[in-house]
Amino acid sequence: MKLVILDRDGVINYDSPHFIKNPDEWKPIPGSLEAIALLNQSGFRVALATNQSGIGRGLFDMATLNAIHDKMHRALGQLGGRVDALFYCPHAAGANCDCRKPKSGMIEEIGRRFGIDIRTVYSVGDSLRDLQASAAHGAQCILVLTGKGEKTLIEGDLPENTWVCADLAEAAQRIIAHDNP
Ligand SMILES: [Mg+2]
Ligand SMILES: [Zn+2]
């Protein structure tokens, strides 16, 4: 089994400093959905691990988050792609939960759910905390320069051996090439 873990905002869809609070605000980055479909066609399953503290802050509710994800699943389905599992942390930053990245609770849960060693997993994010959560368990980290990615690259301190890719489309190509040397 081959698995890619993706952050959502700034990787699949455009991010916003004001949070993605409803389906209309969820807009895919060009090529990102096609990249997920390409990964699927190449034998990868795809899981999402996303911090959604807007729930904890009361900016939107679970029904709205589900509606946003319905939109994402539908758009992906039209391209023949799918996300197999969706993990989100609904807690506010101060809640001190174990799931909010950079903590690795969601990554551990994904490992259990799929019965997979995280050291065999590719993990794509645009923020340092995405990479830290996955690097803690030895995943191959990939920084994309969409979303907060440019800023993350400039700030540095990336986990050792992090790949840097322009966007999810390039990341998917590199993952597939690495998997088929
Ligand atoms: Mg992000
Ligand atoms: Zn949490």
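Average the reciprocal distances over every distinct pair of alpha-carbons in the stretch 1-68, invert the result, and give the Kirkwood radius in Å. Each step should come with its number before you reach the end.
On the way: mean 1/r = 0.0769 Å⁻¹.
Hydrodynamic radius (Kirkwood, Cα pairs) of the stretch 1-68 is 13.0 Å.
Which value in nm describes the separation of the simple spin-label points at Ala136 and His178, placed 7 Å from the Cα toward the beta carbon?
Result: 2.1 nm between the two label points.
Taking every pair of alpha-carbon atoms in the chain, give the share separated by more than 27 Å as a whole percent. List each step's numbers first, then the result.
Values: 2938 of 16290 pairs.
Cα-Cα pairs of the chain separated by over 27 Å account for 18 percent.
Considering all projection directions equally, how large on average is the shadow of the alpha-carbon convex hull of the stretch 54-132, in square nanometres?
Working: hull surface 24.9 nm².
If I average the Cα hull's projected area over directions, I get 6.2 nm².
Over the stretch 117-159, calculate the relative contact order: mean separation of alpha carbon pairs under 8 Å at least 6 apart, over the residue count, as a percent. Don't skip to the answer; put the middle values down first.
On the way: 62 pairs, mean separation 17.5, N = 43.
Result for the stretch 117-159 is 41 percent.
Any chance you could run the full-extension gain for Cys97 through His18? It's 0.36 nm times the residue separation minus the Cα-Cα distance, nm to one decimal. Intermediate results must be reported in sequence, preceding the final value.
On the way: separation 79, 0.36 × 79 = 28.44 nm, distance 2.22 nm.
Net length gain for the segment: 26.2 nm.
Write down the accessible area per residue of the chain in Å², having rolled a 1.4 Å probe over the full set of protein chains. Mind dumping the intermediate values first?
Values: 8390 Å² over 181 residues.
Per-residue accessible area for the chain comes out at 46 Å².
Quick one: ranking Phe60, Phe19 by accessible area, 1.4 Å probe, largest first, what do you get?
On the way: Phe60 15, Phe19 55 Å².
Correct descending sequence by accessible area is Phe19, Phe60.
Set the Förster distance to 22 Å, then compute FRET efficiency between Arg113 and Met62 from the Cβ-Cβ distance, nearest 0.05. Intermediate results must be reported in sequence, preceding the final value.
Working: r = 20 Å, r/R0 = 0.89.
So the FRET efficiency works out to roughly 0.65.
If the reach is capped at under 20 angstrom between alpha carbons, list the aspartates and glutamates near Lys148, excluding any in the same chain fewer than eight residues apart.
Counting by Cα, and skipping residues close in sequence, Lys148 has these aspartates and glutamates nearby: Asp7, Asp9, Asp15, Glu25, Asp126, Asp130, Asp157, Glu160, Asp167, Glu170.
Label the stretch 75-181 by shape, choosing from rounded, prolate and oblate, from the square roots a ≥ b ≥ c of the eigenvalues of the Cα gyration tensor; if a/c is under 1.5 it is rounded, and otherwise prolate applies when a/b is larger than b/c, oblate when it is not. Don't skip to the end; give the middle numbers.
Values: a/c = 1.37, a/b = 1.12, b/c = 1.22.
The shape class here is rounded.
For the stretch 121-167, state which GluC sites (Glu not before Pro) are in a DSSP loop and have at most 14 other beta carbons lying within 10 Å of their beta carbon. Display every interim value, and only then the final one.
Numbers: sites: Glu150, Glu155, Glu160; in loops: Glu160.
Sites meeting the loop and neighbour criteria: Glu160.
Which value results for Rg/Rh of the stretch 90-136 when Rg is the Cα radius of gyration and Rh the Kirkwood radius based on the inverse mean 1/r?
Values: Rg = 10.9 Å, Rh = 11.1 Å.
Computed over Cα atoms, the ratio is 0.98.
How about the chain: what cysteines have no other cysteine beta carbon under 4.7 Å from their own?
So far as the 4.7 Å Cβ criterion goes, Cys97, Cys141, Cys165 stand without a partner in the chain.
Over the stretch 51-181, what is the relative contact order in whole percent, taking alpha-carbon pairs under 8 Å and six or more residues apart?
Values: 160 pairs, mean separation 21.9, N = 131.
Taking the mean separation of contacting Cα pairs over the length of the stretch 51-181, I get 17 percent.
Once phi is turned into ³J(HN,Hα) by the Karplus curve 6.51 cos²θ - 1.76 cosθ + 1.60 with θ = phi - 60°, what whole-Hz value does each residue of the stretch 144-153 show in order, with x for glycine and proline?
9, 8, 6, x, 8, x, 4, 4, 4, 5
If you add up the charges near Cys99, with Lys and Arg at +1 and Asp and Glu at -1, over every other residue whose beta carbon is less than 11 angstrom from its beta carbon, what do you get? Before the final figure, lay out each step's value.
Numbers: positive: Arg100, Lys101, Lys103; negative: Asp98, Glu108, Glu109.
In short, 0.
Between Lys2 and Ala166, what length comes free when the chain is fully extended (0.36 nm per residue of separation minus the Cα-Cα distance, one decimal in nm)?
Values: separation 164, 0.36 × 164 = 59.04 nm, distance 2.25 nm.
So the extension gain works out to 56.8 nm.
Quick check: convex hull of the Cα atoms in the stretch 124-181, volume per residue, rounded to a whole Å³? Walk me through the numbers before you get to the answer.
On the way: hull volume 4.0 nm³, N = 58.
So the per-residue Cα hull volume is 69 Å³.
The values are calculated or read from the model by the stated rules, or taken from the named source; none is laboratory data. Since the structure is predicted, the reported quantities are computational estimates derived from the model, not experimental observations. Every residue, glycine among them, receives a Cβ derived from its backbone with ideal geometry; neighbour counts consider all protein chains shown. Quick note on the areas: whole protein, heavy atoms, side chains included, nothing else; ligands and nucleic acids left out. Shrake-Rupley method; radii C 1.70, N 1.55, O 1.52, S 1.80 Å.
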